[in-house]
Amino acid sequence: MPPGPVRKLRDFTRARADLVRDRTRCWQRLEKLLEGALIKVSSVASKLTTRSAQDMIAALIAGERDPQVLAALARGRMKAKHDALVQALTGMFDDRHGMLARLLLDQIAYLDRAISQVEAGTETAIAEIPQAWGVDAGGATGPRAGTGPDPAQLPAASRLAEIAGLSRELAVAIIAEIGLDMTRFRTAAHLVSWAGLCGTANQSGPRRRKDKKGHGNSYLRGYLCQAANGAARTTTFLGERYHRIARRRGAARALVAVARSILVIIWHLLADPSARYTDLGPSYHATRTDQDKKIRNHLRQLQALGLTVAITQAA
C-alpha cells in the first residue's frame, strides 16, 4: 500500500479522470441531440467546444432559428465557411431541444468548476510529498524548489514531463498510481507487469491464440496510452518506434508497445532522482541498422519478383 500522501494524491487524480470522462460524455450527448434536430455544426466546426460553436448553440437555445443569423456568429477562420454553416444550421431545432441542450450545458459548466477544484487539490497534494520536490542550484529544497534556472534537481513531475507525449498533468497522475519509491518494483519489467502492459502467452500445443488483456491498473494504462498517443505524433525516438511497429503489427499494438516503453523510462527516472530524460532521436534505429544486410534484403525481395538489379554507389 502506498504512503498516505500518495493515496491522497491518487484520490484527486482519479476523481479528475472520472470528471473529465463525464464531461466528455456530456459533450457527446449534446452533439447527438443537435444531430437529432438536423443541426450538423460538428461537421463544419472542429468541435463543439470552440467559441463559435458555443455562440451558435447559445443562440439556438435563446430562440434564434435563422441559419443566416446563426452562421454570422462565426469567429476567426470559421467565417470563411459561411455557406457550409448555413447548410449545417438548417434543421428542426425547437424548444424541447433547447431545454435539453441547456441542461447539458449547465452540467458541463458544473463539471468544469468541479475539475478546477480537483486540480487545485492535486497541486496541494503533490506539494505535500517531499520526494516529489526539486532542488535549487543552491541546494535548497521545497515544494517550489527546482523550478528556477539551472536547478540541481528538477521536481519529479517536471522530469517525467520531459518524456515525449507526457504533460506535467499526466506525469502527476502517473506518480499518483505508482508512487515515487521504485524499490517496490525490483526491475522495470516488474512495474510493466504490475501495470498490465506485458504480453501473455496463450498457446495450446501448436495453436497460438490471441493474447488476453492483462488485469493491471486501468487508470495507469489509460494515462500511459494517452501519453503514447501524444508521443506517436512527435518526431522523436518514441514517435519513430510507434510508426515502425504500426507498419508491422498495427496501430493498437504499437500504442501499447510505446506505452510500455514510456513506463520503463519512468521507472529509471524515478529510481535515480538525478537522472534526466534524453531523447535518442528518430534516426536511432536507422543509424544502428547494418546497411549491407538491408541492401541484401531488398535485393532478395526484388529477385523474388523476377528482377535483376545492378547496385552502384551514389556520388
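This table checks each residue for (1) closer than 16 Å to Leu73 by Cα; (2) surrounded by 14 or more Cβ atoms within 10 Å (Cβ to Cβ).
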position	(1), (2)
Arg16	no, yes
Thr24	no, no
Arg29	no, yes
Ala37	no, yes
Ser42	yes, yes
Ser52	yes, yes
Ile57	yes, yes
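Out of all the residues in the stretch 174-196, is one or more within 30 Å of Gln28 (Cβ to Cβ) and not in a helix (DSSP H, G or I)? Yes, the stretch 174-196 contains a residue that is within 30 Å of Gln28 (Cβ to Cβ) and not in a helix (DSSP H, G or I). So in the stretch 232-280, with the set limited to residues that are under 19 Å from the mean Cα position of the chain (by Cα) and acidic (Asp, Glu), which one is surrounded by the most Cβ atoms within 10 Å (Cβ to Cβ)? Applying the filter and picking the extreme gives Glu240. Scoring Ala254 on the criteria (1) under 30 Å from Ile129 (Cα atoms); (2) free of Cβ contacts under 8 Å to residues at least 24 places away in the same chain leaves a single failure, condition (1). A search for C-beta distances below 9 Å between a residue of the stretch 67-81 that is free of Cβ contacts under 8 Å to residues at least 12 places away in the same chain and surrounded by fewer than 17 Cβ atoms within 10 Å (Cβ to Cβ) and any residue that is assigned to a helix (DSSP H, G or I) and of a type in the set (S, T, N, Q), counting only pairs 6+ apart in sequence or on different chains, returns Lys79/Ser52.
Only one of the numbered conditions (1) at pLDDT below 90; (2) over 30 Å from Ala157 (Cβ atoms) is violated by Pro273, and that is (2). Of all residues in the stretch 222-233, those that are charged (D, E, K, R) have Cβ atoms under 7 Å from Cβ atoms of residues that are surrounded by 18 or more Cβ atoms within 10 Å (Cβ to Cβ), 6 or more apart or on another chain, in Arg233/Gly239. Taking the stretch 100-155 as the range and being of a type outside the set (A, V, I, L, M, F, W, C) and under 18 Å from Thr49 (Cβ atoms) as the test, the residues that pass are Arg102, Asp106, Gln107, Tyr110, Asp112, Arg113, Ser116, Glu119. Suppose we filter Leu85, Leu111 for residues that are crowded, with 17+ Cβ neighbours inside 10 Å, at pLDDT below 95 and touching a helix residue (DSSP H, G or I) at 6+ places or on another chain (Cβ under 7 Å); which single one remains? The conditions single out Leu85. For the stretch 132-152, filtered to residues that are in contact with an Asp or Glu (Cβ under 9 Å, 6 or more places away or on another chain) and surrounded by 20 or more Cβ atoms within 10 Å (Cβ to Cβ), the residue that is modelled with the highest pLDDT is Ala145. With respect to the conditions (1) closer than 16 Å to Ser274 by Cα; (2) not assigned by TED's automatic domain parsing to the domain that holds Ala227, Ala120 lacks only one, and its number is (1).
For the stretch 13-54, filtering for residues that are touching an Asp or Glu at 6+ places or on another chain (Cβ under 8 Å) and touching a residue at least 24 places away in the same chain (Cβ under 8 Å) leaves 4.
The values are calculated or read from the model by the stated rules, or taken from the named source; none is laboratory data. Remember, it's a predicted structure, so these values are computed and weren't measured experimentally. Every residue, glycine among them, receives a Cβ derived from its backbone with ideal geometry; neighbour counts consider all protein chains shown.
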